[in-house]
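*Asks:* Below you'll find the structure I mean.
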Amino acid sequence: MSRLNGPVDDSRGYLDLLGPPEAAASSTLWVMQNPVFAAVYERAWRPVFTRLYSLGGTSAAEFDRRLVTHLGRPGDRTILDVACGPGNYTRRLSEKLTGDGLCIGLDFSVPMVTKAVADNSGERVAYVRGDAHRLPFADHSIDTVCCLAALYLISDPHEVIDELARVVAPGGEVAIFTSLRTRLTSSRVVNKIAARSGYRLFGRDEVTDRLRANGLVEVEQTITGQAQYVTARKP
């Protein structure tokens, strides 16, 4: 499953493949690497964004629950949660796995992965500090791959989508929950804030087209106000 080369550090409860943190390229990424933000993420940041995503549409929180139930259904499977943050999705996705089933949470932020290990560890959970642009897993090796509420913060999201498609196994699925450019989010003020913060707003067909370009099929998109849930399967 792994593409690791050379020694790795697992002394802090997670596998660290990146070494000392580098300077953040945007203010949003700087925030994500801040220990204080990691501590309040679940109580403050995530609920606010869930409500904003629901504006003008159906409840993002309700669809989120249904998606997690589907992705985390019982089975002896490997799940990869890319850009997992403090591990809230990771632990939930692991709870009904059976046999040798494992949910792996991957994130680049030391505070986030540290928080994940402290608060969201479990018998079928493992954490990796790694780069979503170069996932440390072999081709076709993961049963279910997801990137939930994070793709809009990543510097090259198209490259990450390519990686999700590369590592998912034949018959496996990819799931993405991310932003959407709408009439509301296309305002001059929102665009200015997004440009300064490094927050990306995706076109309606941008994510789905990239998945299809990687050969994935059964690509489905659900719009919830200002956000989108996209699922696809590798044939």
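The values are calculated or read from the model by the stated rules, or taken from the named source; none is laboratory data. If you're wondering where the values come from, they're calculated on a predicted model, not measured in any experiment. Here Cβ is always computed from backbone atoms with ideal geometry, including for glycine, and neighbour counts include all displayed protein chains.
*Asks:* If we keep just the residues of the range 62-90 that are of a type in the set (Gly, Ala, Ser) and surrounded by 21 or more Cβ atoms within 10 Å (Cβ to Cβ), which is nearest to Glu159 (Cα to Cα)?
*Replies:* Initial filter on the range 62-90 (of a type in the set (Gly, Ala, Ser)): 72, 75, 83, 85, 87.
Now drop any that are not surrounded by 21 or more Cβ atoms within 10 Å (Cβ to Cβ), which leaves 72, 83, 85, 87.
Values: Gly72: 25, Ala83: 14, Gly85: 19, Gly87: 23 Å.
Per the stated criteria, the residue is Ala83.
*Asks:* I'd like to know if the range 204-221 contains one or more residues that are surrounded by 22 or more Cβ atoms within 10 Å (Cβ to Cβ), of a type outside the set (Asp, Glu), farther than 22 Å from Pro136 by Cβ and at pLDDT below 95.
*Replies:* No: zero hits.
*Asks:* For the range 213-235, which positions are outside any strand (DSSP E or B), touching a residue at least 12 places away in the same chain (Cβ under 8 Å) and either of a type in the set (S, T, N, Q) or within 11 Å of Ala165 (Cβ to Cβ) (or both)?
*Replies:* Kept after step one, since they are outside any strand (DSSP E or B), are these residues of the range 213-235: 213-216, 225-226, 234-235.
With the extra rule that they be touching a residue at least 12 places away in the same chain (Cβ under 8 Å), the set shrinks to 214-216, 225-226, 234-235.
Scanning the range 213-235 gives Asn214, Gly215, Leu216, Gln226, Lys234.
*Asks:* Within the range 178-186, is there a residue that is surrounded by 18 or more Cβ atoms within 10 Å (Cβ to Cβ), modelled with pLDDT of 95 or more and of a type in the set (A, V, I, L, M, F, W, C)?
*Replies:* The first filter runs over the range 178-186 and keeps only residues surrounded by 18 or more Cβ atoms within 10 Å (Cβ to Cβ), leaving 178-182, 185.
From what is left, the residues that are modelled with pLDDT of 95 or more are none.
No, the conditions are met nowhere in the range 178-186.
*Asks:* Looking at the range 128-141, I want the residues that are within 19 Å of Gly215 (Cα to Cα) and touching a residue at least 24 places away in the same chain (Cβ under 8 Å) and have a partner that is outside any loop (DSSP other than H, G, I, E, B) and charged (D, E, K, R) with Cβ atoms under 6 Å, at least 6 apart or on another chain. Which pairs are those?
*Replies:* Close Cβ pairs (under 6 Å, with a partner that is outside any loop (DSSP other than H, G, I, E, B) and charged (D, E, K, R)) amount to His133/Glu159; Leu135/Glu163; Asp139/Arg166.
*Asks:* I would also like to ask the following. Could you tell me how many of the residues in the range 112-137 are under 15 Å from the mean Cα position of the chain (by Cα), surrounded by 16 or more Cβ atoms within 10 Å (Cβ to Cβ) and part of a helix (DSSP H, G or I)?
*Replies:* 4
*Asks:* Val189 passes all but one of (1) crowded, with 18+ Cβ neighbours inside 10 Å; (2) more than 20 Å from Met112 (Cβ to Cβ); (3) of a type in the set (A, V, I, L, M); (4) modelled with pLDDT under 90; which number fails?
*Replies:* (1)
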